[in-house]
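To start, the structure under review is shown below, and the notes come after it.
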Amino acid sequence: MKKKQVFSTTIILILFLGSPTWASPLLVDWAFNDNGTVFSAADTSTNALPGHFNTDSFDWNTGLGNITLNYDAAGAYSFQAFFDHEIVEGTNTYFNEYGEVHSAPADGQSWEIYEPGWVFGDIYDNLLAGNLDNLNGVPQGSEDDVSFAMGWDFTLSVGETALITLTLSEEVPQNFYLAQVDPSGIHYFSSSLEIQSSPSPVPEPATILLFGTGLIGAVGIRFKNKGSSN
């Protein structure tokens, strides 16, 4: 758990009067609720995430990049991801941020923006319960410490597979996304869910050959029987 440091009014005024420095974020906390099983920065190594997590394209220091998850068994699924970033907190404070929501979520998609729980936010508790509330608790004009979360609820039938992609970036996404806005930087959180049906298995060459041989044999017997009847 990180410790929030309180800055004096004088230091805050100096910081806001000075010219801001655009900077990448620092990931200070994260958690995933994967169908009721919680993995968090507090008690889970990033190397101990299950095999269906792929974090090769994710930077655990900045908290930017892509994380993908694959599911291939029939059943109902619920997944939520939580991230808490800071942007030059040591010189820029942590309570001068606000969150933005752009566009509309897809069916089965949930989200939340709130103070991460150090003082008043319930976002982390909602993640643990798998019940994000689709509310922005830190809008512009009510600046504070921002964290955000996003999730998906979906069902797979037999033969279907699902791919969840989480994208945290300093580039503006195309579809529904959340933004953490700080005087020294902005970054964005978006995600997608793709459900596909597994293709029918292609017969092996030997199987095709046996089928063809049987078909030829059946045709030959038919012609033989036809000739015998004349």
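The values are calculated or read from the model by the stated rules, or taken from the named source; none is laboratory data. Because the structure is a prediction, the values reported are computed rather than measured. Reconstructed Cβ throughout: ideal geometry from the backbone, glycine too, with neighbour counts over all protein chains shown.
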Note to self: Return the pair list, or none, for Cβ contacts closer than 9 Å from residues in segment 176-198 that are farther than 14 Å from Gly63 by Cβ to residues that are among the charged types (D, E, K, R) and crowded, with 20+ Cβ neighbours inside 10 Å, at least 6 apart or on different chains.
What the structure shows: Val181/Glu97; Pro183/Glu97
Note to self: Being in the same structural domain as Gly90 (by TED's automatic domain parsing), hydroxyl-bearing (Ser, Thr, Tyr) and either in a loop (DSSP other than H, G, I, E, B) or loosely packed, with under 14 Cβ neighbours inside 10 Å (or both) is the requirement here; does Thr155 meet it?
What the structure shows: yes
Notebook entry, point to check: Between residues in segment 24-44 that are among the small types (Gly, Ala, Ser) and residues that are surrounded by fewer than 19 Cβ atoms within 10 Å (Cβ to Cβ), which pairs lie under 6 Å by C-beta distance while being six or more apart or on different chains?
Noted result: Ser24/Thr62; Ala31/Ser40
Next item on the list: Being closer than 22 Å to Val181 by Cβ, buried (at least 18 other Cβ atoms within 10 Å of the Cβ) and among the hydroxyl-bearing types (Ser, Thr, Tyr) is the filter here, so list the residues in segment 64-120 that pass it.
Entry: Thr93, Tyr94, Tyr98, Ser110, Tyr114
Note to self: Only one of Tyr98, Tyr77, Tyr94 is touching an Asp or Glu at 6+ places or on another chain (Cβ under 9 Å), farther than 24 Å from Ser24 by Cβ and not hydrophobic (A, V, I, L, M, F, W, C). Can you tell me which?
What the structure shows: Tyr77
Item checked: Elements of type strands (runs of 3 or more DSSP E) contained in segment 51-128, each with 3 or more residues being over 16 Å from Glu194 (Cα atoms) -> 75-86, 98-102, 109-114
Checklist line | Residue among Ser169, Ser190, Ser142 that alone is over 18 Å from the mean Cα position of the chain (by Cα), in the same structural domain as Asn54 (by TED's automatic domain parsing), on the phi < 0 side of the Ramachandran plot and hydroxyl-bearing (Ser, Thr, Tyr) | finding: Ser142
Notebook entry, point to check: Are any residues in segment 41-71 touching a Phe, Trp or Tyr at 6+ places or on another chain (Cβ under 7 Å) and at pLDDT 95 or above, and if so, which ones?
Noted result: Ala41, Leu49, His52, Gly63, Gly65, Asn66, Ile67, Leu69, Tyr71
Item checked: Total residues in segment 72-100, condition at pLDDT below 95 and either of a type in the set (Gly, Ala, Ser) or not assigned by TED's automatic domain parsing to the domain that holds Ser40 (or both) -> 1
